[in-house]
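Only the coordinates and a few stated rules stand behind these numbers; no lab work does. From a predicted model like this one, the values you see are computed outputs, not experimental measurements. A quick note on method: Cβ atoms are made from the backbone with ideal geometry, for glycine too, and the neighbour counts reach across all protein chains shown.
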């Protein structure tokens, strides 16, 4: 409610007039840039004279945390025709630089009109040689409301049309927009598609600003991968939240073209994968699971992208207070003597590690109780424990809501404990603790059951990277100073590393297990509408319930939703599940959610359910004094507020992707309606509880009901690949 109130109060401004935070809150002004782009003026010169340095894969300097780079969403490999000019024919590299520069954002354009003058001093630059069609296909009202309440989007929502699953474009009249709204919307699309870039102009010295991509490394499927980095993501803006200026949101374009970290990839993303992330980030937020947020989806239909087949490009805008990962720390203290194929890796840079850690501890995590400054308080241990705590809470939410990430590499783990980088993810259909959602994960490293262990693995990698610094802090009694590792013998560094690991490892494991268990228990109590926490609930109720689902192949979310209607009096009236009783109907409804309901051993399953429901009923009755006069109604309302009616299942995603691909004009309205359902998953979509036959329902309500179903049998447990 607070964010909605703020949204109503703040003045709306175009994207080009969004304010910047103080220089102390802008990552590039506090960390070390790539030595090829050491400053914003130098970077502007690179764009004009030798842009290839930012479009070819390279290992950047060891001390660098990021590289200034602008979005560049064009087809790759670049189709550079031989020059006709004899001067360029003699020097082909000069021609390549000219060709790229002509397509870079080097030409200043006027800003969209704003009722509030821009305070950031940013100017807008575009390419004069990139007229690719840009089509807005998705805009997240909730993401904008919570992260960018001051953003004016013009008539963007109007051109998207009303969200609907069933109605045609003929059913709606689009109102005529003002010229100002059109200009604001056009600028928004241009900036969020990577066509226009907001940067400082000449002479800006207080807060020089340009987009950037982060450097990081990491372990992928347990194997060291060397330098990785934002190979197709560019952070284009940092905006303070109007109600809490110390909280900033970084806007990042995913699929924005090649950067120095792209390796052999094209830097692009496709419509299919972009829709998946756009929808899921907001769905996760609605479920209360920490996540990055979605802002927009812009299709680039004229840009072909080669995956398993040729697809169209798309740019996703996402927001988060920071996109720094555990792999960001690994980059500055990589495993020694590690051989790997492809790519490369810089030597350790311990001062860059210190600089990154101080920034993350003070500005990103905002660690309390630390005295900052020269010879300030120690922070290394607290940083590791806080990252561990946040990620333990996040993975508990994954487990409680049956979410599977699919690629829990250390470069995909946020230091803020946010779910990030949505790839081959899935929500659980039929409950199977061993389910693998990523079909390239042949060994099941990232299966549902393994996810908490993989978070422990990632946090251990963070500890390994920071352990020498933690050991040094413990010896010094204060934070390490600049140059702390210079001229230190290897034996001393090894001693610090061992001391740091011994100081933190056991406590870190305890923090993860304790926080994960506590958060998982809290959510499961909500899902079972239990008001009191009993330590025996996990072994007596939660685990046996999941065992029943597993054994009888029952739908995970559908079972929880149906259990919302259970009340102890059902057992009193039909303790043995007499045919036709309300209890019999409830259990039969649960059986019917199985894709193989005809193969369920009904006798065994019924016996299991009666035993479990009896224990559940006794547990509910034991806390009657914690509820009001109508306990059954209060509990049902509480359970339905914790168990989604609508789940972003694989079949739903595939259908939305297909509809957008077939006809973007009508498909984006379906996308908007599915987003609306994902953002309000506990609503009684599809006239839930109404036994009216489908054919008698309004077409829109009938489609809502279908979208809340488990889908066709062949889509149950559908696996995706990492290709996006």
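Against the empirical curve 2.2 N^0.38 Å, the C-alpha radius of gyration of region 188-296 lands at a ratio of 1.22. At 1.306 mPa s and 10 °C, plugging the Kirkwood radius over alpha-carbon pairs of region 350-526 into Stokes-Einstein gives what diffusion coefficient in µm²/s? D = 92 µm²/s.
Full extension of the chain between residue 158 and residue 614 yields a length gain of 158.9 nm, computed as 0.36 nm times the residue separation minus the alpha carbon distance.
For the chain, take the longest principal axis of its alpha carbons; what is the angle in degrees between that and the long axis of helix 271-286, to the nearest 10 within 0 to 90? Approximately 60 degrees, to the nearest 10.
The angle between the Cα long axis of helix 664-679 and the main principal axis of the chain comes to about 60°, on a 0 to 90 degree scale. Taking every DSSP beta bridge that has both ends in the chain, the antiparallel portion is near 90%. When you restrict to C-alpha pairs under 8 Å that are six or more residues apart and normalise by the size of region 650-715, the relative contact order lands at 32 percent. A Förster radius of 41 Å, combined with the Cβ-Cβ distance separating residue 599 from residue 453, puts the computed FRET efficiency at roughly 0.80. You can think of it this way: the chain between residue 42 and residue 90 has 14.5 nm of extra reach, that is 0.36 nm per residue less the Cα-Cα gap. Pop the C-beta distance of residue 79 and residue 30 into the FRET formula with R0 = 56 Å and round what comes out to the nearest 0.05. E(calc), rounded to 0.05, equals 0.90. Entry note: region 189-245 has Rg to Rh equal to 1.12, where both radii use alpha-carbon atoms and Rh is the Kirkwood radius.
In region 429-544, one over the average inverse separation of all distinct C-alpha pairs is 17.6 Å, which is the Kirkwood hydrodynamic radius. Taking all Cα pairs closer than 8 Å and separated by 6 or more residues, the relative contact order of the chain comes to 14 percent. Note on residue 347 and residue 551: their simple-model spin labels are 6.1 nm apart, each label 7 Å out from Cα toward Cβ.
Across region 535-648, the convex hull enclosing all Cα atoms gives 113 Å³ per residue. All Cα-Cα distances of region 256-319, cut into 10 Å bins from zero to the largest, leave 22, 44, 28, 6 percent in each bin in turn.
Helical content of the chain, expressed as a calculated mean residue ellipticity at 222 nm, amounts to -12000 deg cm²/dmol (DSSP H runs of 4 or more residues, -39,500 (n - 2.57) each, divided by residue number, nearest 500). Here is the P(r) of region 2-323: all C-alpha pair distances, binned every 10 Å from 0, give 6, 25, 36, 23, 8, 2, 0 in whole percents. Helix 582-592 and the longest principal axis of the C-alpha atoms of the chain enclose an angle of approximately 40°. If each Cα of region 316-425 is one equal point scatterer, what is log10 of I(q)/I(0) from the Debye formula at q = 0.10, 0.13, 0.16 Å⁻¹? Debye curve over Cα of region 316-425, log10 I(q)/I(0) at q = 0.10, 0.13, 0.16 Å⁻¹: -0.36, -0.59, -0.86.
A Förster radius of 25 Å, combined with the Cβ-Cβ distance separating residue 307 from residue 719, puts the computed FRET efficiency at roughly 0.95. The relative contact order of region 2-323, computed from alpha carbon pairs under 8 Å that lie at least 6 residues apart in sequence, is 23 percent.
Using only alpha carbons, build the gyration tensor for the chain and give me the equivalent ellipsoid semi-axes, biggest first, whole Å.
So the equivalent ellipsoid measures 45, 33, 23 Å along its semi-axes.
Fully extending the segment from residue 205 to residue 506, taken as 0.36 nm per residue of separation minus the present Cα-Cα distance, adds 103.7 nm. Listed by Cβ neighbour count within 10 Å, with the fewest neighbours leading, 230, 173 appear as 173, 230. Using only the C-alpha atoms, the convex hull of region 650-715 corresponds to 99 Å³ per residue.
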